[in-house]
1. Quick check on my filter: what residues within the stretch 53-84 are part of a helix (DSSP H, G or I) and surrounded by 21 or more Cβ atoms within 10 Å (Cβ to Cβ)?
2. Hey, does the stretch 125-143 have a residue that's surrounded by 19 or more Cβ atoms within 10 Å (Cβ to Cβ), out of contact with any Gly (no Cβ under 9 Å at 6 or more places or on another chain), modelled with pLDDT of 95 or more and not aliphatic (A, V, I, L, M)?
3. Mind listing just one residue for me: the one in the stretch 163-201 that is in a loop (DSSP other than H, G, I, E, B) and of a type in the set (A, V, I, L, M) and, of those, surrounded by the fewest Cβ atoms within 10 Å (Cβ to Cβ)?
4. Out of curiosity, is E67 under 21 Å from K224 (Cβ atoms) and under 14 Å from the mean Cα position of the chain (by Cα)?
5. Only one of these is touching a Ser or Thr at 6+ places or on another chain (Cβ under 9 Å) and over 30 Å from L210 (Cα atoms): G28, G59, G45. Name it.
6. Any residue at all in the stretch 13-27 that's near the ligand (Cβ under 10 Å from one of its atoms), in a loop (DSSP other than H, G, I, E, B) and either under 22 Å from V168 (Cβ atoms) or not hydrophobic (A, V, I, L, M, F, W, C) (or both)?
7. Check the stretch 44-63 and report whether any residue there is in contact with a Leu (Cβ under 7 Å, 6 or more places away or on another chain), away from the ligand (no atom under 16 Å from the Cβ) and under 30 Å from L192 (Cβ atoms).
8. Please specify each residue of the stretch 147-161 satisfying the condition of being under 20 Å from A135 (Cα atoms) and more than 20 Å from the chain's Cα centre (by Cα).
Amino acid sequence: MQITEMYKSLQGESTHSGLPCVFVRLTGCNLRCSWCDSEFSFYGGKKMTLQEVLSEVAGLSAGGLVEITGGEPMLQEREVVPLMEQLLDAGYQVLLETSGERPLARVPKQVVKIVDVKCPHSGEPDTFALENLEALQPRDELKFVLTDRTDYEFARDFTQRHNLAKRVNAVLFSPAFRKEATGARDSSHCLLDPQELADWMVADNVPARLGLQLHKFIWDPALKGV
Ligand code: SF4
């Protein structure tokens, strides 16, 4: 499979935020989100066998969390499904970060899918495949990255219409971060002010949790591999 990078850091998002985690970033994406912070993963990378990836993961961590991310990892479904199966067999807890544009039915059930449903102002609206709602497991998480009120209302209405809070472990509303953000490690880089988002969520009593990208507040937001 084609790999952009592998490294160990703290998980910055989802309900696993703050935990040590090995990241396996696959190369290539079929979407072009306006706020994407992983454009370096669109091209290039290194071809690695399943065994090579497994032994590099083992070298980084003897257990715990592994996140398969990208890019869009499900573009390499034929390779990434066996990788997830073998990581599970080796005792790792496996997270899969995906847009939900590709079919998710073949993802092993023990994998925690973190599905990033694209909002109207992401630049890639309407790309989530609705049939993937049927592939969701109670351990999974749905994420909405928000730039403004329109995105928020889409996320709120989608959450309610599809009864997401009952289907999955967590629904996450996360302010988008500016792509070019660097230097200051604070919420001034968010495209949507977290305080404003918090006010809206409380007012609407939305069954979702506000998520900030922890790694952008710990390290310089421009740093890669953290
Ligand atoms: S799906 Fe993810 S990797 Fe692809 S463009 Fe959007 S944010 Fe970037």
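1. First, pick out the residues of the stretch 53-84 that are part of a helix (DSSP H, G or I): 53-60, 73-84.
Once the filter is applied, which keeps residues that are part of a helix (DSSP H, G or I) and surrounded by 21 or more Cβ atoms within 10 Å (Cβ to Cβ), the stretch 53-84 yields V53, V57, P73, M74, V80, L83, M84.
2. Within the stretch 125-143, one or more residues are surrounded by 19 or more Cβ atoms within 10 Å (Cβ to Cβ), out of contact with any Gly (no Cβ under 9 Å at 6 or more places or on another chain), modelled with pLDDT of 95 or more and not aliphatic (A, V, I, L, M).
3. The selected residue is A184.
4. Yes, satisfied.
5. Numbers: G28 fails: over 30 Å from L210 (Cα atoms); G59 fails: touching a Ser or Thr at 6+ places or on another chain (Cβ under 9 Å).
The unique qualifying residue is G45.
6. Checked against the condition, which is being near the ligand (Cβ under 10 Å from one of its atoms), in a loop (DSSP other than H, G, I, E, B) and either under 22 Å from V168 (Cβ atoms) or not hydrophobic (A, V, I, L, M, F, W, C) (or both), the stretch 13-27 yields no hits at all.
7. No, that holds for no residue.
8. Result: Q160, R161.
The values are calculated or read from the model by the stated rules, or taken from the named source; none is laboratory data. Since the structure is predicted, the reported quantities are computational estimates derived from the model, not experimental observations. Because the Cβ atoms are built from the backbone with ideal geometry, glycine has one as well, and the counts that use them run over all protein chains shown.
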